[in-house]
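**Q** Attaching a single structure in structure tokens format; questions to follow.
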């Protein structure tokens with residue numbers, strides 16, 4: 001990495017801290033805001049992802065703010081253990097990813113602060129809630145469409161992203177036995193011949209590709225590529241080192257092909273591809289307004305997910321590639337709608353043009369950049385090293 005690139009990364013990390021401090025106190029009960037101007041609400045999933053970067057920032061004010069978020073979520077937890085979608089609003093329910101992300105966030109905070117019993121009652125209630133999310137009464141959990149961070153995209157049944165979060169928190173909490181059970185289920189093949197064999201549980205492995213399927217349920221599945229879920233699978237060790245290397249090679253080769261045919265204009269992967277096109281079986285009419293190909297959840301480039309991809313590259317021991325992608329992520333995070341901002345840390349970018357489409361100073365964009373930069377600096381992945389080695 002050249003000195004100018006290192007200097008730019010150092011500058012970006014300082015601004016990322018400024019973004020998080022700016023967003024640390026919002027108009028809703030003083031809780032952190034999701035973005036500097038566009039999203040004043042404290043969205044649970046965004047703030048749980050921000051723990052990754054805050055935990056490696058060393059900033060006491062930010063660490064204190066995330067403690068308050070976790071404790072407020074515990075106070076607003078439902079009787080049965082579900083965590084709301086907005087930190088301050090216990091009536092905003094129905095998300096499939098907020099409860100597992102809360103458990104993962106609490107586990108990271110425990111390790112960071114050396115408080116193994118932090119929010120023990122709330123975490124235990126959330127763990128019970130998650131056990132009841134398995135329709136087969138086993139280990140993989142299922143979800144309703146548009147109930148995770150993809151609120152404009154259908155994930156049906158056993159989604160990869162949510163199940164990788166479940167696997168990650170089980171490993172981080174030391175429940176290796178249950179983690180192994182969910183790993184075993186996820187590593188079964190999807191059912192692709194239209195017939196469900198007796199006593200065979202559908203899984204998330206794709207027969208013809210190295211990565212995990214987007215979702216699977218009975219004889220139905222999607223083998224489109226989910227960057228967030230597969231990056232978490234690599235980071236957590238759910239994907240072995242050899243499989244991680246295969247997944248990374250597949251991503252880079254396909255991104256190079258997309259650049260050649262005009263489907264990708266930047267040096268980082270879209271969150272999801274191949275894009276869903278009008279006329280495809282998984283196209284929904286609402287996508288024409290909110291989720292066009294290369295946009296938003298249907299293939300937009302999301303800096304927070306790219307930060308996780310950089311961390312996954314470090315986990316896969318692809319250190320030089322991780323450095324290259326961090327440099328590219330730094331460049332993308334400079335883009336802003338406000339010309340006075342040196343770094344925009346924008347929400348998402350249109351894949352085919354590289355034009356920013358979201359709001360500036362997005363909390364999880366800044367936080368996941370901090371985590372990515374720390375992983376590249378250390379050539380380690382804080383909070384995830386131990387679970388891969390075990």
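**Q** Under the rule of -39500 (n - 2.57) per DSSP H run of 4 or more residues, summed and divided by the residues of the chain, what mean residue ellipticity at 222 nm is obtained, to the nearest 500 deg cm²/dmol?
**A** -15500 deg cm²/dmol
**Q** If one computes P(r) from the Cα atoms of the range 152-269, what percent of pairs lie at distances over 26 Å?
**A** It works out to 23 percent of all Cα pairs.
**Q** Here's another thing I want to ask about it. At a 10 Å Cβ-Cβ cut-off, how would you order 33, 67, fewest neighbours first?
**A** Ranking 33, 67 by Cβ neighbours within 10 Å, fewest first, gives 67, 33.
**Q** Shifting gears a bit: Once the Cβ-Cβ distance between residue 342 and residue 189 is put in as r, and R0 is 51 Å, what FRET efficiency do you end up with, to the nearest 0.05?
**A** Rounded to the nearest 0.05, the efficiency is 0.60.
**Q** Taking every pair of distinct Cα atoms and averaging 1/r, then inverting, what Kirkwood hydrodynamic radius in Å comes out for the range 286-390?
**A** Computed over the range 286-390, the radius equals 14.3 Å.
**Q** Applying a 10 Å radius around every beta-carbon, put 50-57, 255-262, 174-181 in order of their mean neighbour count, most first.
**A** So the order, starting with the most tightly packed, is 50-57, 174-181, 255-262.
**Q** Could you tell me the calculated FRET efficiency between residue 175 and residue 71, based on Cβ-Cβ distance and R0 = 22 angstrom, to the nearest 0.05?
**A** About 0.45, to the nearest 0.05.
**Q** Among 11-18, 58-65, 292-299, how do they line up by average Cβ neighbours within 10 Å per residue, starting with the highest?
**A** So the peptides 11-18, 58-65, 292-299, ranked by packing, come out 292-299, 11-18, 58-65.
**Q** On to the next question. To the nearest µm²/s, what D does Stokes-Einstein give for the chain at 20 °C and 1.002 mPa s, using the Kirkwood radius over alpha carbon pairs as Rh?
**A** The calculation lands on 103 µm²/s.
**Q** Calculate log10 I(q)/I(0) of the range 29-134 for q = 0.11, 0.17, 0.21, 0.22 Å⁻¹, where I(q) comes from the Debye formula with a single equal point scatterer on each Cα and nothing for solvent.
**A** -0.30, -0.72, -1.10, -1.20
All of the numbers you see were taken from the coordinates with simple rules; none came from a lab. It should be emphasised that the depicted structure is a prediction, and the values quoted were computed from it without experimental measurement. Cβ coordinates were reconstructed from backbone atoms using ideal geometry, including for glycine residues, and neighbour counts include every protein chain displayed.
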